[in-house]
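Chemist: Take a look at this one; I'll ask things after.
The values are calculated or read from the model by the stated rules, or taken from the named source; none is laboratory data. Worth saying up front: this structure is predicted, and the values here are computed from it rather than measured. All Cβ positions, even for glycine, are placed from backbone atoms using ideal geometry, and neighbour counts span all protein chains on display. Protein only, heavy atoms only, side chains kept; ligands, DNA and RNA dropped before computing areas. Shrake-Rupley method; radii C 1.70, N 1.55, O 1.52, S 1.80 Å.
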Amino acid sequence: MGIKLYYTTVTASREVKSQQAEVMRILDSKSIQYELIDISVGGEVRDEMRSKAGNPTAVPPQIFNGDQYCGNHEMFSEAVEEDTVEQFLKMA
């Protein structure tokens with residue numbers, strides 16, 4: 001088990017790029033180790049992310065603890081503002 005961050009290295013969306021970078025920066029600043037999973041390597045990885053998130057249109061970044069869905073960028077940002085990141089990541 002561990003934190004998994006589904007992201008993409010191939011996107012034309014500045015919003016997705018900035019959201020991914022923000023999540024990584026915050027996790028790094030809190031010394032939280034995570035595994036990066038690049039959905040651009042194949043459709044099956046994207047489909048796995050969407051299936052686990054329970055959202056057929058989910059886009060990166062999506063955050064999991066093992067196979068447990070934690071949330072997306074918006075939910076992560078709320079947890080950062082409320083200083084509840086460890087609870088959000090289901091680490092507490």
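Chemist: Using only DSSP helix segments of four residues or longer, with each worth -39500 (n - 2.57), what per-residue ellipticity at 222 nm results for the chain after dividing by its residue count and rounding to 500? Display every interim value, and only then the final one.
Modeler: Details: 4 runs with 40 residues, N = 92.
Here the helix-only value at 222 nm equals -13000 deg cm²/dmol.
Chemist: Along the Cα→Cβ direction, 7 angstrom out, place labels at Glu15 and Ile32. What is the inter-label distance in nm?
Modeler: Here the answer is 2.3 nm between the modelled labels.
Chemist: For the chain, what's the relative contact order in percent, using C-alpha pairs closer than 8 Å and at least 6 residues apart? Don't skip to the end; give the middle numbers.
Modeler: Values: 116 pairs, mean separation 31.0, N = 92.
Rounded, it is 34 percent for the chain.
Chemist: Still on this structure: What spacing in nm lies between the two simple spin-label points modelled at Glu44 and Arg25, each 7 Å away from Cα in the Cβ direction?
Modeler: Spacing of the two 7 Å Cα→Cβ label points: 3.6 nm.
Chemist: Assigning unit charges at the beta carbon (Lys, Arg +1; Asp, Glu -1) and nothing else, what dipole magnitude in debye, to the nearest 20, does the chain show about its Cα centre? Write out the running numbers ahead of the final one.
Modeler: Values: 9 positive and 15 negative charges, 46 e Å.
Once rounded to the nearest 20, the dipole reads 220 debye.
Chemist: Treating the angle as unsigned and between 0 and 90°, give the value, to the nearest 10°, between the Cα long axis of helix 14-29 and the longest Cα principal axis of the chain.
Modeler: Here the helix axis deviates by roughly 40 degrees.
Chemist: 5 Å is the cut-off here: which amide hydrogens, built 1.01 Å from N in the peptide plane, fall below it relative to Gln62, excluding neighbours closer than 5 in sequence?
Modeler: Under 5 Å from the amide H of Gln62 lie the amide H atoms of Tyr6, each far enough along the sequence or on another chain.
Chemist: Stretch Ser77-Met91 to full length: gain in nm at 0.36 nm per residue minus the Cα-Cα span?
Modeler: Details: separation 14, 0.36 × 14 = 5.04 nm, distance 1.66 nm.
Extra length from Ser77 to Met91 when fully extended: 3.4 nm.
Chemist: Would you rank Met49, Met91 by solvent-accessible area, highest first, keeping every protein chain in place and using a 1.4 Å probe? The partial results should precede the final answer.
Modeler: Values: Met49 0, Met91 100 Å².
Ranked from most to least accessible, the order is Met91, Met49.
Chemist: Let me ask another. How much area per residue is accessible in the chain when the probe is 1.4 Å and only protein heavy atoms are counted (Å²)? Write out the running numbers ahead of the final one.
Modeler: Numbers: 5410 Å² over 92 residues.
Each residue of the chain exposes 59 Å² on average to a 1.4 Å probe.
Chemist: With everything on Cα atoms, drop me the angle between helix 43-53 and the longest principal axis of the chain, reported from 0 to 90° to the nearest 10.
Modeler: The answer is roughly 40 degrees.
Chemist: In the chain, what percentage of the DSSP-assigned beta bridges are antiparallel, given to the nearest 5? Mind dumping the intermediate values first?
Modeler: Working: 8 of 13 bridges.
Among the beta bridges of the chain, antiparallel pairing accounts for roughly 60 percent.
Chemist: Percent of accessible area on the chain owned by carbon and sulfur, 1.4 Å probe? Provide the component values of the computation, followed by the final result.
Modeler: On the way: 2500 of 5410 Å².
Looking at the chain in its full context, I get 46 percent from C and S.
Chemist: Moving on to the next point. Run the simple label-point estimate for Asn65 and Ser51 please: 7 Å along Cα→C-beta, distance reported in nm.
Modeler: The two pseudo-label positions are separated by 2.4 nm.
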